[in-house]
Amino acid sequence: MCGIVGYIGKRAAYPILIKGLHRLEYRGYDSAGVALINGQGQLNIYKAKGKVSELESFAAEKDTTGTIGIAHTRWATHGEPNTQNAHPHYSESERLAIIHNGIIENYAVLKAGLMKEGYTFKSDTDTEVLVQLIEYTQLNRHVDLKTAVQLALQQVVGAYAIAVLDKDHPDTIIAARKGSPLVVGIGDGEYFLASDATPIVEYTDQVIYIEDEEVVSLQMGKDVDITTINNVTKTPEIKRLELSLSQLEKGGYPHFMLKEIFEQPRTLTDSMRGRVNVRQDNIALSGFIDNKDRFLNAKRIIITACGTSWHAGLIAMYAIEEFAQIPVEVEYSSEFRYRKPVINKDDVVIAISQSGETADTLAAIQLAKSKGAFIFSICNVVGASIPRISDSGCYTHVGPEIGVASTKAFTAQVVALTMLALCIGREKRIRGLEDEGISEEQFVRIVKELGQIPDKIQCVLAQNKRIADFAKTFTYTQNFIYLGRGYNFPVSLEGALKLKEISYIHAEGYPAAEMKHGPIALISQEMPVVVVAPRCGTYEKIVSNIQEIKARHGKVIAVVTEGDEQVRKIADYVIEVPATEECLTPLLTVVPLQLLAYHIAVVKGCDVDQPRNLAKSVTVE
Ligand code: AGP
């Protein structure tokens, strides 16, 4: 969702900014723009609807010189995606230019005030209001740009990451954040600015993560200067970036999504490294070890997340209740934050987020924190906002996930949550709560099996070609149903979400037994039904569900355990996954569903990595 890039130094800014925008494309956007101050002190802005490549074509014959600039990819909130609404925006005098990620909630009131003062507006955006307010403040309070930004932001309600240029000061970029991420990269006599580290990594590994309500001044020849919006000086904390360039490239795959699906054997090994010790039958999760009592004394665990991360949370509910016997509630962050939920001091809240920047999940955490709950987060992006405001947590360590459709982050979240459930359950047993904890025998069995999961995923990936072949059958299909039970009910939701996101085919996931309560009315020969049916507790029941679908001429695509003959006889297509512990089956069964969605989207000619309307990191409500 909206991407920010900035550069100030001795090199030509434009190529750095454009490359940076390409790196941020994965976040999702619908227009792009750039502002540069050239050697003659002119402030040039170029904008285009659509992809960054369209901006490049538009700017090809224009003056793109200058060693200072800011650039932006916009995901429309206020006003439709068009050139006028694209960022950067000029101020009234065209002396200032701004880019912005977030939402200025009180923009209408601010705009009305500025209009009374004679300001005019060229776009429908909240962002243009902010740049006008900054210029108005600068002129009327006779202050410098940094102070004007501070004073303007004091009046703002909402979320922002901004960067501002002033053509009268071509040696400075002023930036600030609240609720939307912003990272400064420190090079050799040059500074970089971005929404995340991906545009920065090829130039420097020295970064500063800007905190909420901080204003940063990047001035040539001077150290980074950080103050709050109330002008309290802050000491910049320089961190070392652990990200490599190769992680941001496709590595020979046609799409990031396919690369990320195929990376899962390795990413899960990375997620478990130093944590799962198969030889010693042990799991060591530092975030749990340091806070055992909080988990053991919890009367309840609340899991909060959005989208795919919420599906991982549902799987965790099954695992935590099974192994640790603690009641679990799984909440959509967007509902939880506005629901006046009952939260007690001895509740543990687990927040799950790949990006660590999802606005709703951040707000849900803040609410739970204010009520005294202990916050444990599962996150992929190191240093993101969610882990930083949590009491403890666990990184998934799968490297950057570029495809908008989450794949490798999901399986790693499931592994992290399963490890946590096993740790709580084992600790309960060790402390003598025999009835509540997991037996040592079962614990050891699952630990051993976790060690086998990467190889078993490899076996599933080996069926890629076959899945690609039968995916072609569904090129013109309009609807899909996904069914699963127990641990695999959330997998059916996840399979349906993947298909919807990237192929734009309508798909719904249900617990298989719910089919009879309504969705069965949809079954006909036109309706493909994906049934996730590995051998586990409810296997016989789900076989009956498949019979019911076949009796109504539905087309069944079944995901089954290797060697399953019963389902093979009745299903139209069968994908086998190796046998494993029931709680680990989602790690295997979800992979063919990721591949199925991917191949259907490819045959339909969809933009798999950047599906329409979607953003990778949803930083606004
Ligand atoms: C997954 O494929 C989605 N793109 C989306 O549902 C995502 O999982 C959701 O927006 C939550 O994101 P987060 O994990 O970064 O918080």
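The values are calculated or read from the model by the stated rules, or taken from the named source; none is laboratory data. Keep in mind that what you see is a predicted model, and the values were worked out from it rather than measured. Neighbour counts run over all protein chains shown; Cβ positions are idealised from the backbone, glycine included. Ligands, DNA and RNA are excluded from the accessible area calculation, which covers all protein heavy atoms including side chains. Shrake-Rupley method; radii C 1.70, N 1.55, O 1.52, S 1.80 Å.
A few notes on this one:
- The residues of segment 473-502 that are among the basic types (Lys, Arg) and either touching an Asp or Glu at 6+ places or on another chain (Cβ under 8 Å) or within 11 Å of the ligand (Cβ to nearest atom) (or both), listed by number, are LYS498, LYS500.
- Residues that are open to solvent by 10 Å² or more (accessible area, probe 1.4 Å), assigned to a loop (DSSP other than H, G, I, E, B) and under 17 Å from ASN106 (Cα atoms) within segment 124-176 comprise ASP124, GLN155, VAL156, VAL157, listed in sequence order.
- Of all residues in segment 1-37, those satisfying the criterion of being open to solvent by 10 Å² or more (accessible area, probe 1.4 Å), over 21 Å from ALA359 (Cβ atoms) and either among the aromatic types (Phe, Trp, Tyr) or not in a helix (DSSP H, G or I) (or both) are LYS10, ARG11, ALA12, TYR14.
- Selection status of GLU54, in contact (Cβ under 8 Å) with a residue 40 or more places away in the chain and open to solvent by 10 Å² or more (accessible area, probe 1.4 Å): no
- Considered as a group, the residues in segment 560-584 that are in a helix (DSSP H, G or I) and open to solvent by less than 10 Å² (accessible area, probe 1.4 Å) include one that is farthest from the ligand (Cβ to nearest atom), and that residue is VAL567.
- For segment 255-280, a residue qualifies if it is open to solvent by 80 Å² or more (accessible area, probe 1.4 Å) and touching a helix residue (DSSP H, G or I) at 6+ places or on another chain (Cβ under 8 Å), and exactly one does: ARG266.
- Considering segment 426-469, the residues that are in a loop (DSSP other than H, G, I, E, B), open to solvent by 40 Å² or more (accessible area, probe 1.4 Å) and at pLDDT below 95 include one that is nearest to GLU582 (Cα to Cα), namely SER439.
- Of note, GLY113 does not satisfy the criterion of being farther than 27 Å from THR358 by Cα, at pLDDT 95 or above and assigned to a strand (DSSP E or B).
- Residue match in segment 410-425 (condition: buried (at least 23 other Cβ atoms within 10 Å of the Cβ), farther than 21 Å from ASN277 by Cα and within 23 Å of the chain's Cα centre (by Cα)): yes
- If you go through segment 495-535 and keep only what is open to solvent by 10 Å² or more (accessible area, probe 1.4 Å), in contact with a Leu (Cβ under 7 Å, 6 or more places away or on another chain) and assigned to a helix (DSSP H, G or I), you end up with just GLU501.
- All positions within segment 599-621 that are buried (at least 21 other Cβ atoms within 10 Å of the Cβ), within 12 Å of the ligand (Cβ to nearest atom) and either over 11 Å from VAL404 (Cβ atoms) or among the hydroxyl-bearing types (Ser, Thr, Tyr) (or both): SER617, THR619
- Restricting the first member to segment 220-240 and to residues that are among the β-branched types (Val, Ile, Thr), and the second to residues that are outside any strand (DSSP E or B), the beta-carbon pairs closer than 6 Å and six or more apart or on different chains are VAL224/PRO236; ILE226/PRO236; THR228/GLU213; ILE229/GLN150; ILE229/LEU153; ILE229/GLN154; ILE229/GLU213.
- Search result, residues across segment 470-485 that are assigned to a loop (DSSP other than H, G, I, E, B) and touching a residue at least 12 places away in the same chain (Cβ under 8 Å): THR475, THR477, GLN478, ARG485
- Wholly enclosed helices (runs of 4 or more DSSP H) of segment 317-409 bearing at least 2 residues within 9 Å of the ligand (Cβ to nearest atom) and within 18 Å of the chain's Cα centre (by Cα): 359-370
- The listed residue being surrounded by fewer than 16 Cβ atoms within 10 Å (Cβ to Cβ), more than 30 Å from GLN206 (Cα to Cα) and in contact with a strand residue (DSSP E or B) (Cβ under 9 Å, 6 or more places away or on another chain), out of LYS340, LYS299, LYS345: LYS345
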